[in-house]
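The values are calculated or read from the model by the stated rules, or taken from the named source; none is laboratory data. Everything quoted here is computed from the prediction, not taken from an experiment. Every residue, glycine among them, receives a Cβ derived from its backbone with ideal geometry; neighbour counts consider all protein chains shown.
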Amino acid sequence: MATASFETPRLKEYPVIPLVKAGATSHLKPFVANETIQKNLGFPGELVEGWQEKAIAKMGELLGKYRSLQVYMDACVHCGACSDKCHYFLGTQDPKNMPVARQDLLRKVYRRYFTFAGKYFPWLVGAADLTREVLDEWYSYYHQCSECRRCSVFCPYGIDTAEVTMAAREIMDSVGMGMKYSNEIIGKVHRIGNNLGIPEPALEDTLLGLEEDVKDDTGVDVKFPLNVKGAEVLLVTPSADFFSEPHVDSLIGYAKVFHAAGISWTLSSYASEAANFGLFIGSYEQMRKVALRIREAALELGVKRIVVGECGHAWRVAYNFWNTLAGIGAGANDPFAIQLQQQLDQRYKQPMHICEFTHDLIQRGVLQFDKEKNDDRIITFHDSCNVARASRMGDEAGGQFTIPRDIIKAVANNFHDMAPETICDSTFCCGGGGGLLTDDLLEIRVKGALPRMEALNQVVQEHQVNFMACICAICKAQFTKVLPQYGFDMGMVGGVHQLVSKAIRLGNKSPD
Amino acid sequence: MSALSLFYAALFYFATAVLVIGLGIKIRQYSRVPAPLKIALTPAPITPAGVPWRLAREVVFFESLFRASKWTWLFGWMFHAALVAVLLRHLRYFQEPVWSVVSLSQSLGAYAGFAMVVGLAGLWARRFIVDRVRYISTPSDHLMLALLIAIGLSGLTMRFVLHTDIIAVKVFMLGLMRLSVQPLPADPLLLLHLSLVALLMIIFPISKLLHAPGLFFSPTRNMSDNPRESRHIASWAAPLEK
């Protein structure tokens, strides 16, 4: 592997706010996207001539398009309430990973070119010119932010560093400095339909294989339908669910739920990806283009409901943005949105999370479980950041915390939450989100996971927790990689529907 | 009409204009820039009616700051609460007759002056003692606190140690409001206090004091969480569908 070696932080008994260590991770940055990858998204292939003026102009454009950016550039008072809240600061000690300082990398340029004080008294307000050093600093530190929004919980004005990071990445993309990992993946979605680049025949084959596996395992013909017109539910799930461990166990769980409830469903090879990396690079256009695939598949297949699988940022995009971007939802009165609104069954929320779907069935007594099948597991739940701080489930605020936990408690007997200041809306990011789930950023991923690892360690010591459930494909991939670095077994992480799959009664199954 | 009175009259007219027009420009800007995506920080109010409550909890109790850091909350909240009491007390210079709430707040406001300076001093001390906060503090951060403390101390000194002719000050202020320049006492402490206040008014719209109007336009705090129930689309995004 090409990455330089680094030391995994030691787990401490109690979390400690570290002293700053300037430059600790200034050497970190992801691979830069090549010309092909950039051009596929309509970005310049490499750093353009006159990039400085172009970047400043782009910043000006974004300040006029996004209220969040304009307000957050002005409203910060440098109080430092956010400074000890970011998992990357806690894990690396680099002061530029403090949210306020990360924002200041952009803010200092904003002040220089867009404010009175910055133009005439730059030394007074910490304003700075946009030089090549600053651009490189942006490229490094804006790829040490997972856009998890934890800082926004604690800021008195709700300043969301994720909005700043997205703007910075959008500016960098516009002058040709793109990140290989995210931009390549978005290109794959446009070309093939999903992040992993699984083409339709391979997908079909994978699903048939899963049908065989489930039949062998349970004796029941649980189906994994693909491209079925007229199905009631279109399931859109992260492509990792088709391919990776432990994700595929959740996919099997969804299929079993549909089977036990007798509800017809289908996957779509055109919309074979719930994830939307357009979010991570702060590109409205890319995010919209990816989201439109779901709309087209829904219209093509004539489904009545759209359900999203276990994926964190995908749920953020689906829940908050699909109505805006692709007319998937309710409450519109324009022709574009009404077209799909009329097709979908408005008695149900559109779109719905698979956890909302399963939880509803549990509450209505449609599903039965043998909870003791999960007795070998002592379970905790990791709230994924995009679900916790950027979405909702159910009818009440905070349903995104209670619904997954209620499902776990319905299918298993042993559950313990981690420390309150590390869960729900204060949850610590897994460290791999926001486009950072790549091996060229392994060091920041491992160090950023420290706070979550410490919280997990506490319940492992106190309650012998041996399973951490979560509902995000990135978290699952990140934890399987990072848990062993901290001395935990990679098999400790799994999905909520993996637990459902273990315990669910499927009806006409062969006797044990 | 002495040159001094004329100078301070002009200074306050100028400072008021900069404050009002400057804030007006910024508030207009914040209200006109669209918020194209639903980015409420969840859990969030699920109807628009719940938003004012969330904002009120922030403005009155500094709820998020309390969760973030008890010490910062203590000093920050003390400063702001005391400031409200002090400003209320100062309304006596601009009203005749004064509102009853203003006359009732006279003794509270005087002692609030101490709380205000203690809060500010705590906030300033943090900028030296806590290494993370030291790292992010610019010269303007320090100067802002120095300015506010100087205003507080000069005011407290006039109230408790070296009294100034407050009747004449009120006549001067009421005169300004009626476009008539009245004599201003040439008391150095008073002139210092007034100069610093004018400076504060002038820098308000070009400094981080914009956090005051900014909070009300913060999309993470002022958006309701109902994206599935109601389609939210910005004016620059709607044409993409044509």
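Worth pointing out:
- Counting only helices (runs of 4 or more DSSP H) that sit wholly inside segment A:67-146, those with at least 3 residues that are within 11 Å of another protein chain (Cβ to nearest Cβ) are A:67-75, A:99-114, A:116-120, A:122-125.
- Helices (runs of 4 or more DSSP H) wholly inside segment A:402-512 that include at least 3 residues being surrounded by fewer than 20 Cβ atoms within 10 Å (Cβ to Cβ): A:450-463
- Any hit, segment B:161-169, residues being touching a residue at least 40 places away in the same chain (Cβ under 8 Å), in contact with a Ser or Thr (Cβ under 9 Å, 6 or more places away or on another chain) and either at negative phi or more than 14 Å from chain A (Cβ to nearest Cβ) (or both): no
- Within segment A:233-291, the set of residues being of a type in the set (Asp, Glu) and part of a helix (DSSP H, G or I) comprises A:Asp241, A:Asp249, A:Glu285.
- Matching residues in segment A:223-281 - criterion: being among the small types (Gly, Ala, Ser) and farther than 27 Å from A:Asp370 by Cα: A:Gly230, A:Ala231, A:Ser239, A:Ala240, A:Ser268, A:Ser269, A:Ala271, A:Ser272, A:Ala274, A:Ala275, A:Gly278
- Given (1) farther than 25 Å from B:Lys70 by Cα; (2) without any contact (Cβ under 8 Å) to a residue 40 or more places away in the chain; (3) not in a helix (DSSP H, G or I), index of the condition A:Lys39 fails: (3)
- Residue match in segment B:72-93 (condition: within 10 Å of chain A (Cβ to nearest Cβ) and within 30 Å of A:Arg316 (Cβ to Cβ)): yes
- Those residues of segment A:43-66 which are assigned to a loop (DSSP other than H, G, I, E, B) and within 14 Å of chain B (Cβ to nearest Cβ), in sequence order: A:Tyr66
- The condition (being more than 28 Å from A:Arg107 (Cβ to Cβ), assigned to a helix (DSSP H, G or I) and at pLDDT 95 or above) is satisfied by just one residue among B:Ala125, B:Ala115, B:Ala121: B:Ala115.
- Selection count where residues are on the phi < 0 side of the Ramachandran plot and within 14 Å of chain B (Cβ to nearest Cβ), scope segment A:147-186: 19
Yes/no per residue for (1) small (Gly, Ala, Ser); (2) on the phi > 0 side of the Ramachandran plot; (3) in contact with a helix residue (DSSP H, G or I) (Cβ under 7 Å, 6 or more places away or on another chain):
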{"residue": "A:Leu299", "(1), (2), (3)": "no, no, yes"}
{"residue": "A:Val308", "(1), (2), (3)": "no, no, yes"}
{"residue": "A:Ala318", "(1), (2), (3)": "yes, no, no"}
{"residue": "A:Gly327", "(1), (2), (3)": "yes, yes, yes"}
{"residue": "A:Gln350", "(1), (2), (3)": "no, no, no"}
{"residue": "A:Asp360", "(1), (2), (3)": "no, no, no"}
{"residue": "A:Phe369", "(1), (2), (3)": "no, no, yes"}
{"residue": "A:Thr380", "(1), (2), (3)": "no, no, yes"}
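- Cβ separations smaller than 8 Å between residues 6+ apart or across chains give no pair from segment A:147-163 residues that are assigned by TED's automatic domain parsing to the domain that holds A:His78 and at pLDDT below 95 to residues that are of a type in the set (Val, Ile, Thr) and surrounded by fewer than 24 Cβ atoms within 10 Å (Cβ to Cβ).
- When we screen B:Val86, B:Val59, B:Val98 for residues that are surrounded by 18 or more Cβ atoms within 10 Å (Cβ to Cβ) and of a type in the set (Val, Ile, Thr), the only hit is B:Val86.
- Qualifying positions in segment A:200-232 - touching a residue at least 60 places away in the same chain (Cβ under 8 Å), over 17 Å from A:Ser264 (Cα atoms) and not β-branched (Val, Ile, Thr): A:Glu200, A:Leu203, A:Glu204, A:Gly219
- Flag for A:Leu279 being within 11 Å of chain B (Cβ to nearest Cβ), modelled with pLDDT of 95 or more and surrounded by 22 or more Cβ atoms within 10 Å (Cβ to Cβ): yes
- Selected residue (only one of A:Ile378, A:Ile354 is touching a His at 6+ places or on another chain (Cβ under 9 Å), more than 11 Å from every other protein chain (Cβ to nearest Cβ) and surrounded by fewer than 23 Cβ atoms within 10 Å (Cβ to Cβ)): A:Ile378
- Residues that are over 14 Å from B:Pro219 (Cα atoms) and of a type in the set (S, T, N, Q) were ranked within segment B:13-48; the one that is surrounded by the most Cβ atoms within 10 Å (Cβ to Cβ) is B:Gln29.
- Segment B:30-55: number of residues that are more than 26 Å from A:Leu279 (Cβ to Cβ) and not small (Gly, Ala, Ser): 3
Here's the yes/no breakdown for (1) surrounded by fewer than 17 Cβ atoms within 10 Å (Cβ to Cβ); (2) not hydrophobic (A, V, I, L, M, F, W, C):
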| position | (1), (2) |
| --- | --- |
| B:Asp131 | yes, yes |
| B:Ser137 | no, yes |
| B:Leu156 | no, no |
| B:Ser207 | no, yes |
| B:Met223 | no, no |
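- The requirement of being among the small types (Gly, Ala, Ser), within 10 Å of chain A (Cβ to nearest Cβ) and either over 22 Å from the mean Cα position of the chain (by Cα) or within 23 Å of A:Pro156 (Cβ to Cβ) (or both) is not satisfied by B:Ser100.
- Test: residue in segment A:196-212 that is under 18 Å from the mean Cα position of the chain (by Cα), under 19 Å from A:Pro351 (Cβ atoms) and either outside the structural domain of A:Leu279 (by TED's automatic domain parsing) or buried (at least 19 other Cβ atoms within 10 Å of the Cβ) (or both): no
Table: residues versus (1) touching a helix residue (DSSP H, G or I) at 6+ places or on another chain (Cβ under 6 Å); (2) of a type outside the set (Asp, Glu); (3) assigned by TED's automatic domain parsing to the domain that holds A:Tyr181.
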position	(1), (2), (3)
A:Thr25	yes, yes, no
A:Trp51	no, yes, yes
A:Asp84	no, no, yes
A:His87	yes, yes, yes
A:Gly91	yes, yes, yes
A:Lys96	yes, yes, yes
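- Of all residues in segment B:127-140, those that are within 21 Å of the chain's Cα centre (by Cα) and more than 7 Å from chain A (Cβ to nearest Cβ) total 1.
- Of everything in segment A:325-345 that is surrounded by 14 or more Cβ atoms within 10 Å (Cβ to Cβ) and part of a loop (DSSP other than H, G, I, E, B), the residue that is farthest from the other protein chains (Cβ to nearest Cβ) is A:Leu344.
- Matching residues in segment A:381-410 - criterion: being within 14 Å of chain B (Cβ to nearest Cβ), within 20 Å of A:Cys311 (Cβ to Cβ) and among the aliphatic types (A, V, I, L, M): A:Val387, A:Ala388, A:Ala390, A:Met393, A:Ile403
- Filtered by the rule that a residue be in a helix (DSSP H, G or I), of a type in the set (Val, Ile, Thr) and either free of Cβ contacts under 8 Å to residues at least 12 places away in the same chain or within 21 Å of B:Val197 (Cβ to Cβ) (or both), segment B:71-103 gives B:Val84, B:Val86, B:Val102.
- Annotation note: of B:Ala150, B:Ala198, the sole residue that is touching a residue at least 60 places away in the same chain (Cβ under 8 Å) and more than 13 Å from chain A (Cβ to nearest Cβ) is B:Ala198.
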